[in-house]
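S.K.: My questions all concern the structure below.
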Amino acid sequence: MLNVRRLELLWELKIRGTLAEVAAALRYSPSSVSQQLALLEKEAGVELLRKTGRGVQLTPQAEILVDHTAGLLERLEQAESDLAASLTTVTGSVRLAVFQSAALALMPGALTAMRHAYPDVRIEMVQREPETALYETWARDYDMVIAEQYPGHAAAHYPELDRAKLTTDAIRLAAPPASIDGITSVDDAKNMPWVMEPRGAASRHWAEQACRRAGFEPDVRFETADLQAQIRLVESGNAVAFMPDLVWTGRDTDCQLLELSDRPMRTIFSSVRLASAHRPAILAFREVLEETANVLSE
């Protein structure tokens, strides 16, 4: 009989690529992972790994086992969800990956509501960029992700993940107070320093394309994923930026927030693996998130 836990290690190696990455993700030592996979080879009676330079490569027989293991892990997750659904109390934990503006705007209210309505559910939150967090949720690092999608820039799709819309918010040009620069449009901002998120972020790609559609290349002097730092740069008169409305939740600003001609909207959504979508703790948290988002959008 093949050991399920060792099969899971083989599956992890397939999606993460190296023994070191598997060890880091599962908090094992690389030598322990290697030993467990060697035992799996003995159980299977075939070669599963071949050395390639400083790494290892899965054999065709290992690929067969990985395909079966993916289905096995999905069934086990479904079994855990069914077991939890059979109980009369909503319990358990939800590991959540969320990007910064959603963490600031949505999470305080959602966590308070969960604490009162479902005190036996533990929510664990990590701030992650959406592009990375979607993959990591598919890879079972997290139970749920709150992600974003900018217009004309589709977020990655994974067949095992569902998608539930939470809200939309407008994207506007955030310019320094009128007393500093008197900017009234994107065209006025073309000679200003810009602050944007680092390259690779969906917001950065969208912002650059928006400037190019307006007929200029933005002078991006400042890069930071910290939206609070971006806001401070704009408020102090040192930069302009495109900002979605959610970042202003719970705070006042003297920035000018200028509507763009095409009125672009960002979509915020949650995703979970289909196998765990009906787990009571996840259903409860999604309901609370939707209620919180509805309140913010009123």
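S.K.: Considering only the range 39-73, how many residues are in contact with a strand residue (DSSP E or B) (Cβ under 8 Å, 6 or more places away or on another chain) and either surrounded by 15 or more Cβ atoms within 10 Å (Cβ to Cβ) or more than 18 Å from Leu9 (Cβ to Cβ) (or both)?
M.R.: Count: 8.
S.K.: Mind listing just one residue for me: the one in the range 157-177 that is surrounded by fewer than 16 Cβ atoms within 10 Å (Cβ to Cβ) and small (Gly, Ala, Ser) and, of those, nearest to Gly17 (Cα to Cα)?
M.R.: Filtering first and then ranking leaves Ala164.
S.K.: Here is a further query. Go through the range 120-144 and give me each residue that's of a type outside the set (A, V, I, L, M, F, W, C) and part of a strand (DSSP E or B).
M.R.: Within the range 120-144, Arg122, Glu124, Gln127 qualify.
S.K.: A further question on this structure: Pairs, please: C-beta under 8 Å, at least 6 apart or cross-chain, first residue in the same structural domain as Leu289 (by TED's automatic domain parsing) and within 19 Å of Glu8 (Cβ to Cβ) and in the range 74-99, second of a type outside the set (Asp, Glu) and assigned to a strand (DSSP E or B)?
M.R.: Close Cβ pairs (under 8 Å, with a partner that is of a type outside the set (Asp, Glu) and assigned to a strand (DSSP E or B)) amount to Arg95/Val126; Arg95/Met144.
S.K.: Right, something else. Any chance the range 120-136 includes a residue that's basic (Lys, Arg), modelled with pLDDT of 90 or more and out of contact with any Asp or Glu (no Cβ under 9 Å at 6 or more places or on another chain)?
M.R.: Yes, the range 120-136 has at least one match.
S.K.: Scanning the range 94-103 for residues that are modelled with pLDDT under 95 and surrounded by fewer than 19 Cβ atoms within 10 Å (Cβ to Cβ), which turns out farthest from Gln230 (Cα to Cα)?
M.R.: Ala103
S.K.: For the range 271-298, give me the residue count where each residue is crowded, with 19+ Cβ neighbours inside 10 Å and either touching a Lys or Arg at 6+ places or on another chain (Cβ under 6 Å) or among the acidic types (Asp, Glu) (or both).
M.R.: 1
S.K.: A follow-up question, please. Out of (1) assigned to a strand (DSSP E or B); (2) modelled with pLDDT of 95 or more; (3) surrounded by fewer than 23 Cβ atoms within 10 Å (Cβ to Cβ), the odd one out for Gln149 is which?
M.R.: Every listed condition holds for Gln149 apart from (2).
S.K.: Further question: Output the residues belonging to the range 249-264 that are surrounded by fewer than 19 Cβ atoms within 10 Å (Cβ to Cβ) and out of contact with any Phe, Trp or Tyr (no Cβ under 9 Å at 6 or more places or on another chain).
M.R.: Thr249, Gly250, Arg251, Asp252, Thr253, Asp254, Leu258, Glu259, Ser261, Asp262, Arg263
Each row is one residue, and each column tells you yes or no for (1) free of Cβ contacts under 8 Å to residues at least 12 places away in the same chain; (2) at positive phi; (3) hydrophobic (A, V, I, L, M, F, W, C).
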{"position": "Pro198", "(1), (2), (3)": "no, no, no"}
{"position": "Gln209", "(1), (2), (3)": "no, no, no"}
{"position": "Val220", "(1), (2), (3)": "no, no, yes"}
{"position": "Arg232", "(1), (2), (3)": "yes, no, no"}
{"position": "Asp262", "(1), (2), (3)": "yes, no, no"}
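S.K.: Output the strands (runs of 3 or more DSSP E) that fall wholly within the range 1-114 and possess 1 or more residues being within 22 Å of His278 (Cβ to Cβ), or say none.
M.R.: Because the criterion is at least 1 residues that are within 22 Å of His278 (Cβ to Cβ), the strands (runs of 3 or more DSSP E) in the range 1-114 that meet it are 92-98.
The values are calculated or read from the model by the stated rules, or taken from the named source; none is laboratory data. The structure presented is a predicted model; accordingly, all values stated were derived computationally and were not measured. Backbone-built Cβ (ideal geometry, glycine too); neighbour counts: all protein chains shown.
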